[in-house]
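**Student:** Handing you a structure now.
Every number here is computed from the coordinates shown, using simple stated rules; none is lab data. Because the structure is a prediction, the values reported are computed rather than measured. With ideal geometry, Cβ positions are generated from the backbone for all residues, glycine too; neighbour counts draw on all protein chains shown.
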Amino acid sequence: MSSSHVKDETIHHVKKAAHEVDSDLHDAANQAGRKVRGMIDTASDEITHASDRVSKEIHSNPVQSSLIALGVGVVLGALLRR
């Protein structure tokens, strides 16, 4: 076998390996993107559900909600004053 043939064969193997790595990275990035999108969708649904529940509680108990908000404001004001 000539050194030129060995060189060409080596280059071919390196290119093939690089293509496989590129393909693997592409697949991993796509899979990660799908997982992240799924987590974002889940979090968004949970936030929407929590927001709806809070809104219903506020409308059902406006006086109690106002007193709780006042209490939280007083506590936060005291903590921020320090």
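**Student:** Using a Gaussian network model of the chain whose springs link C-alpha atoms within less than 10 Å, name the residue from H26, H59, H13 with the highest mean-square fluctuation.
**Tutor:** H13
**Student:** While we're looking at this one, here's another question. To the nearest 20 Debye, how big is the dipole of the chain about its Cα centre, given +1 on the beta carbon of each Lys and Arg and -1 on that of each Asp and Glu?
**Tutor:** 500 debye
**Student:** Find how much the distance from N30 to D45 grows on full extension, using 0.36 nm per residue of separation minus their present alpha carbon separation; answer in nm with one decimal.
**Tutor:** Between N30 and D45, full extension yields an extra 3.1 nm.
**Student:** Pick out, from V74, Q64, T10, the residue whose Cα sits farthest towards the positive end of the charge dipole of the chain, with +1 on the Cβ of Lys and Arg and -1 on the Cβ of Asp and Glu.
**Tutor:** Result: V74.
**Student:** Here's another thing I want to ask about it. Between segment 48-75 and segment 1-44, what is the separation of their alpha carbon centroids in Å?
**Tutor:** First find each Cα centre; the distance between them is then 51 Å.
**Student:** Additional query: Run through segment 16-79 and list the GluC sites (Glu not before Pro) located in a DSSP loop whose Cβ has at most 14 other Cβ atoms within 10 Å.
**Tutor:** Answer by residue number: there is no such site.
**Student:** Using 0.36 nm times the number of residues separating H12 and L79, minus their current alpha carbon distance, what extension gain do you get?
**Tutor:** 17.4 nm
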